[in-house]
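The values are calculated or read from the model by the stated rules, or taken from the named source; none is laboratory data. Bear in mind that the values here come from a model prediction, so they are computed numbers and not experimental data. Please note: Cβ atoms are built from the backbone with ideal geometry, for glycine as well, and neighbour counts cover all protein chains shown.
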Number of protein chains: 4
Amino acid sequence: MRVGVLTGGGDCPGLNAVIRSVVRKGVQEYGFDFVGLRDGWLGALRGHVVPLDVASVRGILPRGGTVLGSSRTNPFKHDDGPRRIEDTLAAHGIDALVVIGGEDTLGAAGELSRRGLRLVGVPKTIDNDVAGTDYTFGFDTAVGIATEAIDRLHTTAESHMRALVVEVMGRHSGWIALHAGVAGGANVILVPERPFDIEQVCAWVQSRFRFNYAPIVVVAEGAVPKEGQMVLKDRSRDEYGHVRLSGIGEWLALEIARRTGKDARTTVLGYIQRGGSPSAFDRWLATRFGLHAVDAVKDGDFGTMTALRGTQIVRVPLPDAHTGTKVVDDSLYDEFEVFFG
Amino acid sequence: MRVGVLTGGGDCPGLNAVIRSVVRKGVQEYGFDFVGLRDGWLGALRGHVVPLDVASVRGILPRGGTVLGSSRTNPFKHDDGPRRIEDTLAAHGIDALVVIGGEDTLGAAGELSRRGLRLVGVPKTIDNDVAGTDYTFGFDTAVGIATEAIDRLHTTAESHMRALVVEVMGRHSGWIALHAGVAGGANVILVPERPFDIEQVCAWVQSRFRFNYAPIVVVAEGAVPKEGQMVLKDRSRDEYGHVRLSGIGEWLALEIARRTGKDARTTVLGYIQRGGSPSAFDRWLATRFGLHAVDAVKDGDFGTMTALRGTQIVRVPLPDAHTGTKVVDDSLYDEFEVFFG
Amino acid sequence: MRVGVLTGGGDCPGLNAVIRSVVRKGVQEYGFDFVGLRDGWLGALRGHVVPLDVASVRGILPRGGTVLGSSRTNPFKHDDGPRRIEDTLAAHGIDALVVIGGEDTLGAAGELSRRGLRLVGVPKTIDNDVAGTDYTFGFDTAVGIATEAIDRLHTTAESHMRALVVEVMGRHSGWIALHAGVAGGANVILVPERPFDIEQVCAWVQSRFRFNYAPIVVVAEGAVPKEGQMVLKDRSRDEYGHVRLSGIGEWLALEIARRTGKDARTTVLGYIQRGGSPSAFDRWLATRFGLHAVDAVKDGDFGTMTALRGTQIVRVPLPDAHTGTKVVDDSLYDEFEVFFG
Amino acid sequence: MRVGVLTGGGDCPGLNAVIRSVVRKGVQEYGFDFVGLRDGWLGALRGHVVPLDVASVRGILPRGGTVLGSSRTNPFKHDDGPRRIEDTLAAHGIDALVVIGGEDTLGAAGELSRRGLRLVGVPKTIDNDVAGTDYTFGFDTAVGIATEAIDRLHTTAESHMRALVVEVMGRHSGWIALHAGVAGGANVILVPERPFDIEQVCAWVQSRFRFNYAPIVVVAEGAVPKEGQMVLKDRSRDEYGHVRLSGIGEWLALEIARRTGKDARTTVLGYIQRGGSPSAFDRWLATRFGLHAVDAVKDGDFGTMTALRGTQIVRVPLPDAHTGTKVVDDSLYDEFEVFFG
């Protein structure tokens, strides 16, 4: 049996760990043969296929990124995409695919599976917003990096009695913000799931200053204030007096400074959250996902993806159009409100 | 309501995070009053009680160890232990106790609870062997430290083409060895749950050398060879001439060197696995355990301890004499055998 | 003898280590008495004086920031500043000051010293641009953080075959950019001392892509392109079409993308470079600076500051109006050009 | 010109960084051709020569260990060693050698140079004991790892009010012990250069306990007590009943416990001090050493080695029989005595 492997979407610590365990178990236990498709669905569309064997996965477990490359290509946005993928599989004698990716990549995999392709999915995203699994790998690493950054910012904030805003990743979900904010001892945590009241934020900030502590505000990049609170005049102006919309972190710092009269600054963590060596937790999870994905291929259990439930790895259906993203629910968020302010 | 808090057993990253969240929520949400009992059950026996308020838990979230001190004192091994504890609680007007500890500490809590004391438990142990919870805090930090050490040892092993044995904590269970071994890409992982065959270990070591890679053997301190494989002449003698069993890591290196003719060395990680700042995962888990423990006190749900099930915190009964430790089962261990050798 | 201690300017890992060693040696060896002046020169102007003894410096060695607070207050920009400082010293019976700060703080110290105040300086700055000393503490920590970030960004760059620009601190000098860029294996390093040619930068970027590697560009926040290269049309426009000037990192990414047709993104490291626990090197240097500063006070060697020369700590005069900052000279920068492109 | 490169002695973070910069500059700037000699002098004796070009050094900068392998082989202890090395060089057309190693490796290089071989040396050792250079690469990484371990041990020590002994590397010199001990806030630091008085050590330990702090004792593996203090009954026996001296760390913990009545434990850091990714400082130093070493080859300046003096890289003669190791002198050690006890 020849199995193709591809990694799609944004890069994520642990992708290489999955590739390695898929190949190690597939070759050593089941006698499978493997090839890689370069740069996610792009390689599947273009027939960019590379050799993949035990030697080529040696030493990649602790390395971030993906040795197969990645892209955000969606095969359904290309003319005749699904047929071109079938052609690639046929041309290279590929019997089944292991598809490692986030919502978009897995959504395409789900659609292709319903059209008859033999696919098994492995969910990845640093955002942790894939439904059906307790956690995705990459998330723990991102939370660790953000927490370490918050630890560092505390000392700067305290030394200058200044409010510090930390903008972390999370366009549609606040998992990184919530976990890193709780772990880092933030005084305010703002997530996309819950539009915030800037007046409440400033009240928390001021209460912190009143007790002679410097506040840390952790905000997901996709968080937004309540309707009507971000108005044109809130936008900053450049040196020519032209308005510009800043990222939410920058807006928050300006607004906190304006409303409380305190010094406030922003740090945008950006790409350092998704790169580098995966944490031990993510290596463990990614390795197990890979082992179980190749088992699903062996069992012919296509159209499924691996998922974590408690300490068990299970198989669940690949996402379809009705599968939403996994968001932070109110009861979890409310658990931590005691730390705000 | 006045609530006492104590931490027992070996120190563990995250203890301070629990203390902080218990006190923060108890005071701010429920209007409780807190005191600390110093050094685990010892303080409860001796009436060593200290003030504990919101100010005293500021800034302790990222700090390892426990601000309340700890000990391995078992109140049932002291004359009249339970009565002395009741006296302490009465003398200081303590209505309920939050007991943070491992198996032994929680076992005593369970027994005291059955005698009528109002207790809520929080499980901790870097060994992850408390039954009833998916994970305990401290474990993720320990695994992270051990994994980083294994990462480092790979480069030394490869540079000198030498077998390196890493002895990690785990007297009765192999959780740290298994997780860190998998995350660190070890070639052999030995756990107390499964007596090992030294000949098999040496075969794995040699197969690794044959492919020009240097083997890493991760061994839990409590792992043992199959019956008959460790004989008297392997043991060293202490300063009085009495035989003593060398640590299993040291024995393994000697034995591997003797049987394979290859250079082999040992590193015993020791106490660095249990100290220092907790990982983000452990701070999250410890903080949630604390919040839920104080909720249980509020609800009068005594005799329970907090536990992690998937992503939820639940309450389970405190352990009793019939509760065993949580061990690595064969099916999980076997998942990873493809990486051995 | 009563000695005052103050920390001025931006916070910097190692400030607490200096405070601790000044106090430990001053009290234990010389029998001095200490007080702290809060928030740099501000506390000296306002008479904000706090107790400082051996107990208050326990445990602060590994902690970032400064327990004395800091500010950018310049006493010479306040009415009658020098006289108010003298009044504070007289009112609290302070015989001498240990002043820990960067160029501005030490420049003021130099001027006050020439007016007769008994001062000893300790240079600090993460930027490493204080003349007269090989290194300042805080710099090694900042370089370490930036290097770790660059390590992480490599994997994201490679996975997506994308140019990544990393903007690091350094308004007037490129020390952090140069050290972190060399240590992180950057392909282009841009420093304020040397205006860069954007065409050369793009040529380097493209040569890297040609060999199938993803380029990392490290740029100090104060680096600028050659005259005429940054023109109005280079400025980005916001969603309303208004121009805005971006930071140099953002400008570079836009320009590289425009000129090479490749994807390019920016990460601005910001405040995480100056916070958190100091590196071992910085703790060593800061501790020694403190020990030698208090020796200088004991010797009555006022008007000097501690400096590192090789492995020795020496005393040099406090900076005056003629002392420039220490910049990266051409011959050092040129050493590394072999790695560009 | 064809240049051979070899790495000898114990592995050390930064070896790969040297190899990379030697090759990058040699090829790109000077048009040299390179080969590697495997496993230090062993490859030179046996003619084990491997290709070495720009492609083979890509990506190795942040990796610990050495891609060329290493050994402790001394060519002067092999029959006809020097002539066999000359034969290897002649057979492979090697015009000059870059030899990266510690005292032993460089001592052999010095001797071979005096016999007419064209050699340039680069000093490496985590122990920092090579004379003629302010620092060697690898040392900063080792000190950082040891300091982080000491940071972790503080929390365990405090939680259990226990003395913790940390044994670090350093057979003949106490550089790691001194730097890590100072940076980690140790209460006692013991180095090989200065035989210690066990009674003084116990007095320091007890004074620390008196102030309710838990003592950390950092000891270099080569430190020894004053004559007469370690007697036969302190030694343990090996498996054949022969006495053996336990490691100094273990002896110290036993002795402290016996003499003070306090609980005392030991952690031996071992090999984790020499493995893994080099620190930013070590990557900077190793990279510069490589660049300057290849310049020396270009200049025909054989018989020299690179050395750090302040912030400059200079050339000094290769060590000979009269060159001693660089040790911690009394005045430096005495600087820190104020922190003891």
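What number of residues within the stretch B:193-204 satisfy the criterion of being assigned to a loop (DSSP other than H, G, I, E, B) and crowded, with 24+ Cβ neighbours inside 10 Å?
Number of matching residues: 0.
Just to verify a result, which residue in the stretch D:295-304, among those that are charged (D, E, K, R) and touching a residue at least 60 places away in the same chain (Cβ under 8 Å), is surrounded by the most Cβ atoms within 10 Å (Cβ to Cβ)?
So the residue we want is D:D295.
Can you pull out the strands (runs of 3 or more DSSP E) entirely within the stretch D:1-82 that have at least 2 residues that are out of contact with any Lys or Arg (no Cβ under 7 Å at 6 or more places or on another chain) and crowded, with 19+ Cβ neighbours inside 10 Å?
The strands (runs of 3 or more DSSP E) meeting that bar are D:2-7, D:33-37.
Return yes or no: is B:T267 part of a strand (DSSP E or B) and either buried (at least 19 other Cβ atoms within 10 Å of the Cβ) or not assigned by TED's automatic domain parsing to the domain that holds B:E111 (or both)?
When the stated conditions are applied, B:T267 passes them.
Any idea which of (1) modelled with pLDDT under 95; (2) within 14 Å of chain C (Cβ to nearest Cβ) is the one A:Q229 doesn't satisfy?
Every condition holds for A:Q229 apart from (2).
Is it the case that B:R84 is free of Cβ contacts under 8 Å to residues at least 60 places away in the same chain and not hydrophobic (A, V, I, L, M, F, W, C)?
Considered against the rule, which asks whether it is free of Cβ contacts under 8 Å to residues at least 60 places away in the same chain and not hydrophobic (A, V, I, L, M, F, W, C), B:R84 comes out as yes.
Test A:S159 against the criterion of being among the small types (G, A, S) and more than 17 Å from A:V191 (Cβ to Cβ), and give yes or no.
yes
Please verify whether B:I256 is at pLDDT 95 or above, crowded, with 16+ Cβ neighbours inside 10 Å and in contact with a Cys (Cβ under 9 Å, 6 or more places away or on another chain), treating the condition exactly as stated.
Spelling it out, B:I256 is indeed at pLDDT 95 or above, crowded, with 16+ Cβ neighbours inside 10 Å and in contact with a Cys (Cβ under 9 Å, 6 or more places away or on another chain).
Each row is one residue, and each column tells you yes or no for (1) touching a Ser or Thr at 6+ places or on another chain (Cβ under 7 Å); (2) under 18 Å from D:R288 (Cβ atoms); (3) among the small types (G, A, S).
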| site | (1), (2), (3) |
| --- | --- |
| C:E167 | yes, no, no |
| C:G181 | no, yes, yes |
| C:G185 | no, yes, yes |
| C:P192 | yes, no, no |
| C:P195 | no, no, no |
| C:Q206 | yes, no, no |
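Enumerate the pairs (first residue in the stretch A:313-341 and within 30 Å of A:F302 (Cβ to Cβ) and assigned by TED's automatic domain parsing to the domain that holds A:G110; second residue anywhere and crowded, with 18+ Cβ neighbours inside 10 Å and among the basic types (K, R)) with beta-carbon separation below 9 Å, excluding pairs fewer than 6 apart on the same chain, so at least 6 apart or on different chains.
Close Cβ pairs (under 9 Å, with a partner that is crowded, with 18+ Cβ neighbours inside 10 Å and among the basic types (K, R)) amount to A:I313/A:R288.
Being in contact with a Phe, Trp or Tyr (Cβ under 8 Å, 6 or more places away or on another chain) and within 7 Å of chain B (Cβ to nearest Cβ) is the filter here; which residues of the stretch D:265-280 pass it?
D:R265, D:T267
Can you tell me how many residues within the stretch B:271-294 are in contact (Cβ under 8 Å) with a residue 40 or more places away in the chain and either within 19 Å of A:A280 (Cα to Cα) or among the charged types (D, E, K, R) (or both)?
14
Identify, from the list C:S277, C:S331, the residue that is assigned to a loop (DSSP other than H, G, I, E, B) and polar (S, T, N, Q).
Among C:S277, C:S331, only C:S277 is assigned to a loop (DSSP other than H, G, I, E, B) and polar (S, T, N, Q).
I'm trying to understand the selection: among the residues of the stretch B:159-192, which are within 10 Å of chain D (Cβ to nearest Cβ) and surrounded by fewer than 24 Cβ atoms within 10 Å (Cβ to Cβ)?
Listed by number, the residues that qualify are B:H160, B:M161, B:R162.
Would you pick out the residues in the stretch C:290-326 that are among the hydrophobic types (A, V, I, L, M, F, W, C) and more than 17 Å from C:D127 (Cα to Cα)?
Selection gives C:L291, C:A293, C:V294, C:A296, C:V297, C:F302, C:M305, C:I313, C:V314, C:V316, C:L318, C:A321.
Can you list residue pairs whose Cβ atoms sit under 8 Å apart, with the first residue in the stretch C:40-58 being closer than 23 Å to D:E158 by Cα and the second being surrounded by 15 or more Cβ atoms within 10 Å (Cβ to Cβ) and among the charged types (D, E, K, R)? Count only pairs 6 or more apart in sequence or on different chains.
From the stretch C:40-58, the pairs are C:V54/C:R24; C:V57/C:R20; C:V57/C:R24.
Of all residues in the stretch C:286-312, how many are more than 16 Å from C:V23 (Cα to Cα), within 10 Å of another protein chain (Cβ to nearest Cβ) and not hydrophobic (A, V, I, L, M, F, W, C)?
Qualifying residue count for the region: 4.
Can D:G290 be described as more than 23 Å from D:D197 (Cα to Cα), modelled with pLDDT of 95 or more, in the same structural domain as D:L106 (by TED's automatic domain parsing) and surrounded by fewer than 22 Cβ atoms within 10 Å (Cβ to Cβ)?
no
Does the stretch A:136-146 contain at least one residue that is in a loop (DSSP other than H, G, I, E, B), closer than 25 Å to A:E193 by Cα and among the charged types (D, E, K, R)?
Checked against the condition, which is being in a loop (DSSP other than H, G, I, E, B), closer than 25 Å to A:E193 by Cα and among the charged types (D, E, K, R), the stretch A:136-146 yields no hits at all.
Being part of a loop (DSSP other than H, G, I, E, B), of a type in the set (A, V, I, L, M) and closer than 14 Å to D:L37 by Cβ is the filter here, so list the residues in the stretch D:94-128 that pass it.
D:I94, D:L117, listed by residue number.
Could you tell me how many of the residues in the stretch B:55-95 are away from chain D (no Cβ under 14 Å), farther than 20 Å from B:V120 by Cβ and not small (G, A, S)?
Number satisfying all stated conditions: 8.
Take A:R38 and decide whether it is within 26 Å of A:Q273 (Cα to Cα) and facing another protein chain (nearest Cβ under 9 Å).
When the stated conditions are applied, A:R38 does not pass them.
Which condition does C:R152 not pass, out of (1) in contact with a Lys or Arg (Cβ under 7 Å, 6 or more places away or on another chain); (2) under 30 Å from A:L68 (Cβ atoms), if it passes all the others?
(1)
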